[in-house]
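The values are calculated or read from the model by the stated rules, or taken from the named source; none is laboratory data. Predicted, not measured: the structure shown is a model, and the values here were computed from it. Quick reminder, even Gly has a Cβ in these numbers, built from the backbone with ideal geometry, and neighbours come from all protein chains shown.
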């Protein structure tokens, strides 16, 4: 259960498990945090929490999600051929999906939560449905790891999503079954991880659905999910949460993260727990 913590995973991978080095204590802390998130997610029902945690552990073990942390490193070593093959498959899926769906972890909010940026999906190249699910989970795991490091060991556990729907085309969206799959996985295995999701430039149909549902949403959901169409809305809402030095211009008009996003660079060159701009593309070219 503690393996959901990137910091704890790093410590165990580096054989830092002596009783006096704090690793054992942090393992307990990480496990308790995971228990608490599921407990809240299950409306504080103890039995449902137990089942939820068991299902989460089994899913992570079955899908070997820890391999996300090493699969983009071509020099990583694996204990079994099965792990190596799974890592290669993840790498293939991520490289394919990155050509179609640009997603990166870039910037932080004012409370040291990592920001997931998601841009409209392209028509090509064709990718298997599994690649879409893999990319969503991979980016989520990276954002969780980044937030843990940014907040000095996990004091901050939630993250922020900013999804840009400018030039969105419904024909390019993933299959409905894939969308249902990822939503189910997020609800079951990642409770209490989302602080805010901001949808920028939402298409007309999405705005209409949101307006119909809005009166029926509780205050917590209204706070988490916000659709921002006008620049004035983005400034009013995002400006108080994200500094201009951590925002792209499509988020805030004076956003200082002005370079375009290169998904391949993020996958191949930026360490798992770091933000997009921590490793400039120019630095890679000079090497």
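Which members of the stretch 188-202 meet the condition of being closer than 25 Å to residue 37 by Cβ and either outside any loop (DSSP other than H, G, I, E, B) or touching a strand residue (DSSP E or B) at 6+ places or on another chain (Cβ under 9 Å) (or both)?
Matches in the stretch 188-202: 188, 189, 193, 194, 195, 196, 197, 198, 199.
Would you call residue 91 surrounded by 15 or more Cβ atoms within 10 Å (Cβ to Cβ) and not in a helix (DSSP H, G or I)?
When the stated conditions are applied, residue 91 does not pass them.
Any residue at all in the stretch 254-266 that's touching a strand residue (DSSP E or B) at 6+ places or on another chain (Cβ under 7 Å), closer than 30 Å to residue 56 by Cβ and buried (at least 17 other Cβ atoms within 10 Å of the Cβ)?
Checking the stretch 254-266: at least one residue is touching a strand residue (DSSP E or B) at 6+ places or on another chain (Cβ under 7 Å), closer than 30 Å to residue 56 by Cβ and buried (at least 17 other Cβ atoms within 10 Å of the Cβ).
Can you tell me how many residues within the stretch 41-72 are surrounded by fewer than 13 Cβ atoms within 10 Å (Cβ to Cβ) and either within 27 Å of residue 135 (Cβ to Cβ) or outside the structural domain of residue 9 (by the TED database) (or both)?
Summing the residues that are surrounded by fewer than 13 Cβ atoms within 10 Å (Cβ to Cβ) and either within 27 Å of residue 135 (Cβ to Cβ) or outside the structural domain of residue 9 (by the TED database) (or both) in the stretch 41-72 gives 4.
How about the stretch 203-229: which of its residues are in a loop (DSSP other than H, G, I, E, B) and at pLDDT 90 or above?
Answer for the stretch 203-229, where residues must be in a loop (DSSP other than H, G, I, E, B) and at pLDDT 90 or above: just 229.
If we keep just the residues of the stretch 160-187 that are in contact (Cβ under 8 Å) with a residue 60 or more places away in the chain and assigned to a strand (DSSP E or B), which is farthest from residue 114 (Cα to Cα)?
164
Filter the stretch 270-281 for residues that are out of contact with any strand residue (DSSP E or B) (no Cβ under 8 Å at 6 or more places or on another chain), in a helix (DSSP H, G or I) and either farther than 20 Å from residue 10 by Cβ or assigned by the TED database to the domain that holds residue 68 (or both) and give the result.
281 - this is the single residue of the stretch 270-281 that is out of contact with any strand residue (DSSP E or B) (no Cβ under 8 Å at 6 or more places or on another chain), in a helix (DSSP H, G or I) and either farther than 20 Å from residue 10 by Cβ or assigned by the TED database to the domain that holds residue 68 (or both).
Of 152, 75, 85, which residue is more than 16 Å from the chain's Cα centre (by Cα), modelled with pLDDT under 95 and either surrounded by 15 or more Cβ atoms within 10 Å (Cβ to Cβ) or farther than 30 Å from residue 249 by Cβ (or both)?
When all the criteria are applied, what remains is 75.
Here's a check for you: in the stretch 213-234, which residue that is in contact with a strand residue (DSSP E or B) (Cβ under 9 Å, 6 or more places away or on another chain) and free of Cβ contacts under 8 Å to residues at least 24 places away in the same chain is farthest from residue 163 (Cα to Cα)?
The extreme case among them is 217.
Which one of 178, 112, 171 is within 24 Å of residue 87 (Cα to Cα) and not assigned by the TED database to the domain that holds residue 34?
One residue alone meets the criteria, 178.
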